[in-house]
Amino acid sequence: MGPEGRTGGRGGWRGWRNRLAGSRRFQQLAARLPLVGRIARAEGEALFDIVAGFVHAQVLRALVELGLLVRLRDTPATAATLAAECGIAPARMEALLRAAAALGLAERAGGGWMASARGAAVAAVPGLAGMIGHHAVFYRDLADPVALLRGDRETELASFWPYVLGAAAAADPAAAARYSRLMADSQELVAEDTLPELPAGVAHLMDVGGGTGAFLAAVAAARPRLRLTLVDLPEVVAAAGRRLAEQGLQARIETFPASFRSDPLPEGADAVSLVRVLYDHADATVAGLLARVHAALPPGGLVLVSEPMSGGERPSRPGDTYFAFYCMAMGTGRARSQGEIAAALATAGFTAIRCPRPRRAFVTSVVTARRPG
């Protein structure tokens, strides 16, 4: 066997497989064979779903913007009725409803249409409708994906998220409020998947980069005896104070204005949470933040990182497709794997690092560690 056979110079068995799959003659033959034909059709359908993915997402966006999934949650309606309500031609409304049914979001009922269980869930998932609407910005940044990959153009998301670029860029309170409001909408789900990793023995939790307090509000409801502190930029803390007052939580949650880029963190907490913080920032900023967290914690203190993560050696759709490109469009930060975050924690001096299996990777993943005693 020559060098090419030994080293897999042509890709080894994967190269053979791909040359076969890429042969039009083989595809035509496979279509006529029962077992191979079923596999080929399944692969073809999966490929077409990728090709048509943008259209599918835009159908969902139209349903959300028109309020149809909420309108059709409890009672059916005909396409003609919905067309009149939405100012859309009946034939096009029928086309939208049929597309919704094909995607499992609607179904025929009572001579008209109703939302399916999946469609009804869209309105029930906290923050999902808002994120779908926000995708108009993200999709414009993805209109030329090669330019995005090359960094050849300014992105709208980089302007939409000035908060993540540092204190100087966050001087506009309206910009900070936009960031905090959108992120807060989805924090309920994040809290559901994060709280099980917070040990019952923790007495004082400090949430760094906590926005307007959505995560800590969920913690307060679940752990009524836990002392809570929120740390964020002064303008964000001001908005947090107003929001917490509206919820009657100002006595439960202490706020502390600081920039984790440049200011030392307050001491006294035996646990620190970083919820959707690291993936907003570059590696050097992450390293500096983890060093400050380490300095603020007592021996044995816990740090808990919760955010969307890459799948590492096994790429995942949420982390390595959606969130990877979202971070790219933001122009800062990146989706890291549990292993990468664990390594950064170890470099900062933490031990007893745990990477529990994510409950819902499309919501969040968690890494915990402790400052050595």
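Values in this text are rule-based calculations from the coordinates and carry no lab data. Because the structure is a prediction, the values reported are computed rather than measured. Methodologically, a virtual Cβ is constructed for each residue, glycine included, from the backbone with ideal geometry; neighbour enumeration extends over all protein chains shown.
Length gained on full extension, Ala84 to Arg108: 6.8 nm, using 0.36 nm per residue less the C-alpha separation. The label point for Asp49 and the one for Val125, both projected 7 Å from the Cα toward the Cβ, are 1.5 nm apart.
For the chain, the dipole from Cβ point charges (+1 on Lys and Arg, -1 on Asp and Glu) about the Cα centre works out to 1500 debye, to the nearest 20.
Among Ser159, Ser310, Ser23, the largest mean-square fluctuation in a Gaussian network model of the chain, built with springs joining Cα atoms closer than 10 Å, belongs to Ser23. Largest mean-square fluctuation among Ala240, Ala251, Ala296, in a Gaussian network model of the chain whose springs join Cα atoms under 10 Å apart, belongs to Ala251. The listed peptides 209-222, 74-87, ordered by packing as a protection proxy, come out as 209-222, 74-87 (highest mean of other Cβ atoms within 10 Å first). Under a Gaussian network description of the chain, with springs only between Cα atoms under 10 Å, the residue in Leu230, Leu68, Leu278 that fluctuates furthest is Leu68. So for the range 150-370, averaging the separation of alpha carbon pairs under 8 Å that are six or more residues apart and normalising by length, what relative contact order in percent results? The normalised contact order for the range 150-370 reaches 20 percent. Here the calculated FRET efficiency for Asn18 and Ala222, from their Cβ-Cβ distance with R0 = 41 Å, stands at 0.25, rounded to the nearest 0.05.
From the alpha carbon centroid of the range 249-296 to that of the range 184-202 is 17 Å.
Full extension of the chain between Ala42 and Thr75 gives 8.4 nm of extra length, using 0.36 nm per residue less the Cα-Cα distance.
Simple spin-label estimate for Arg317 and Phe26 gives 2.6 nm between the two label positions (7 Å along the Cα-to-Cβ direction from each Cα). Here the relative contact order of the chain, from alpha carbon pairs under 8 Å that lie six or more residues apart, stands at 11 percent. Simple spin-label estimate for Arg357 and Ser262 gives 4.6 nm between the two label positions (7 Å along the Cα-to-Cβ direction from each Cα). The trypsin sites (Lys or Arg not before Pro) of the range 179-245 that DSSP puts in a loop, and whose beta carbon has at most 11 other beta carbons within 10 Å, are Arg225. Inter-part distance, the range 298-373 to the range 62-109, computed on C-alpha centroids, equals 40 Å. Rounded to the nearest 10 degrees, the inclination of helix 12-21 to the longest alpha-carbon principal axis of the chain is 50 degrees. Among the GluC sites (Glu not before Pro) found in the range 244-275, those both in a DSSP coil and sparsely packed, with 14 or fewer other Cβ atoms within 10 Å of their Cβ, are Glu267.
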